[in-house]
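The values are calculated or read from the model by the stated rules, or taken from the named source; none is laboratory data. Predicted model, so just to flag it, every value in this text is computed and none were measured. Neighbour counts are summed over all protein chains in view; Cβ atoms, including those assigned to glycine, are modelled from backbone coordinates with ideal geometry.
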Amino acid sequence: MTARVPIGIVMNGVTGRMGYRQHLVRSLLAIREQGGLPLRDGSRLWPEPVLVGRNEAKLRDVADRHGLTDWTTDLDAALARPDVSIYFDAQVTSEREKAIGLAVAAGKHIYTEKPTATTLHGAVELARAADTAGVRHGVVQDKLFLPGLRKLDRLVRGGFFGRILSVRGEFGYWVFEGDWQEAQRPSWNYRAADGGGIVVDMFPHWHYVLEQIFAPVRAVTAHVTTHIPRRWAEDGQPYDATADDAAYGIFELDGGVVAQINSSWAVRVNRDELVEFQVDGTEGSAVAGLRRCRVQHRAATPKPVWNPDLPSTDDFRAQWQEVPDNEVFDNGFKAQWEMFLRHVVEDAPYTWDLWAGARGVQLAELGLQSAREGRRVEVTELRS
């Protein structure tokens with residue numbers, strides 16, 4: 001019989017949408033459903049979640065729903081347990097820095113959602129503290145594991161594009177204001193005092209997508225705004241939306257690549273997926289979304305002619321070729337969890353640490369600075 005090796009994981013924030021659905025159900029519980037995580041010695045690692053949160057009723061409901069019994073509202077007590085090795089954080093952004101600091105002080109390995117802190121200073125201090133404590137640390141960078149972006153990364157590494165010229169990204173959807181239809185995002189996302197704002201939320205994503213697939217970001221120019229200034233909270237009461245809900249950014253990358261990404265919670269979708277990136281190079285182009293990726297090679301590029309006096313007869317979308325899967329794509333959050341768990345117990349390679357998280361926070365801060373000052377801002381290298 002295969003040996004089962006338990007590993008205790010404090011999961012803080014599992015009553016929220018992301019913490020519950022992606023990290024608990026579709027990651028750790030999914031690993032248990034497959035019989036644990038196979039290790040090199042033939043044993044199987046068995047995650048033992050310890051659910052932590054502030055709302056006792058919600059915690060009990062989540063635990064009962066999945067046959068779990070280990071939950072508490074006392075974070076300090078959970079971190080003091082010797083059978084816990086990892087602390088995971090999916091709380092609201094404003095609560096994250098303090099909790100991770102406590103976990104580092106308790107000697108726990110750290111795995112966390114992004115952004116890792118509300119300020120660059122806080123994010124850097126967490127990374128330094130974790131390094132000093134000698135604990136392993138990782139940051140969720142889930143979009144790197146999306147099938148569409150996995151295929152895009154495959155094209156980049158295979159040299160499909162030749163010299164990459166530009167990246168254009170469109171992300172977002174209409175988030176209902178909450179008056180006549182319930183909002184599909186929590187109200188704290190639209191209050192600056194609670195750590196809300198699309199720049200703080202999405203620029204760390206764009207940072208790791210650009211850095212990991214293409215090249216490091218060297219400068220940013222951004223325009224940030226709040227298109228919808230009044231929204232309605234979960235209790236039906238109106239509130240002032242003080243955080244930005246749209247950002248329009250230009251990112252300059254190493255090698256002369258120019259990336260332009262629009263992010264908005266006040267846009268109606270007229271594209272195939274909620275996020276899409278078009279990459280243009282001297283030898284070919286690609287359009288990648290969450291799952292699909294289509295290409296057009298230089299040799300197969302048509303020759304459009306501008307003539308506004310006649311209707312176009314070109315079916316432009318039909319001129320692109322679908323990139324095959326060529327592999328089975330697991331849930332991206334689960335795949336990264338498995339990599340981090342192997343990093344902790346087997347010293348497997350892992351690059352997406354708290355320093356990577358800090359670089360994402362840095363880009364968000366610089367984007368807000370660019371918008372505030374109306375100028376291009378260079379990105380300096382972080383020092384450990």
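Restricting attention to segment 345-384 and to residues that are at negative phi, part of a loop (DSSP other than H, G, I, E, B) and of a type in the set (D, E, K, R), the residue that is surrounded by the most Cβ atoms within 10 Å (Cβ to Cβ) turns out to be Asp353. Of everything listed in (1) of a type outside the set (Gly, Ala, Ser); (2) in contact (Cβ under 8 Å) with a residue 40 or more places away in the chain; (3) closer than 22 Å to Leu24 by Cα, the single unmet condition for Glu97 is (2). Here Ile250 qualifies as assigned by TED's automatic domain parsing to the domain that holds Gly159, in contact with a Lys or Arg (Cβ under 9 Å, 6 or more places away or on another chain), under 23 Å from Val279 (Cβ atoms) and not aromatic (Phe, Trp, Tyr).
I need the full set of residues from segment 175-205 which are farther than 23 Å from Val139 by Cα and assigned to a loop (DSSP other than H, G, I, E, B), in order please. Val175, Phe176, Glu177, Gly178, Asp179, Trp180, Gln181, Glu182, Ala183, Gln184, Arg191, listed by residue number.
The residues of segment 34-58 that are in a strand (DSSP E or B) and farther than 13 Å from Glu338 by Cα, listed by number, are Glu48, Pro49, Val50, Leu51, Val52. Can Phe333 be described as within 23 Å of Ala288 (Cβ to Cβ), outside any helix (DSSP H, G or I), in contact with a helix residue (DSSP H, G or I) (Cβ under 6 Å, 6 or more places away or on another chain) and of a type outside the set (Ser, Thr, Tyr)? In short, no. The single condition among (1) in contact with a strand residue (DSSP E or B) (Cβ under 8 Å, 6 or more places away or on another chain); (2) farther than 18 Å from Ser94 by Cβ; (3) in a helix (DSSP H, G or I) that Gln212 does not satisfy is (1).
Checked against the criteria, Ser312 counts as surrounded by 11 or more Cβ atoms within 10 Å (Cβ to Cβ), assigned to a loop (DSSP other than H, G, I, E, B) and over 22 Å from the mean Cα position of the chain (by Cα).
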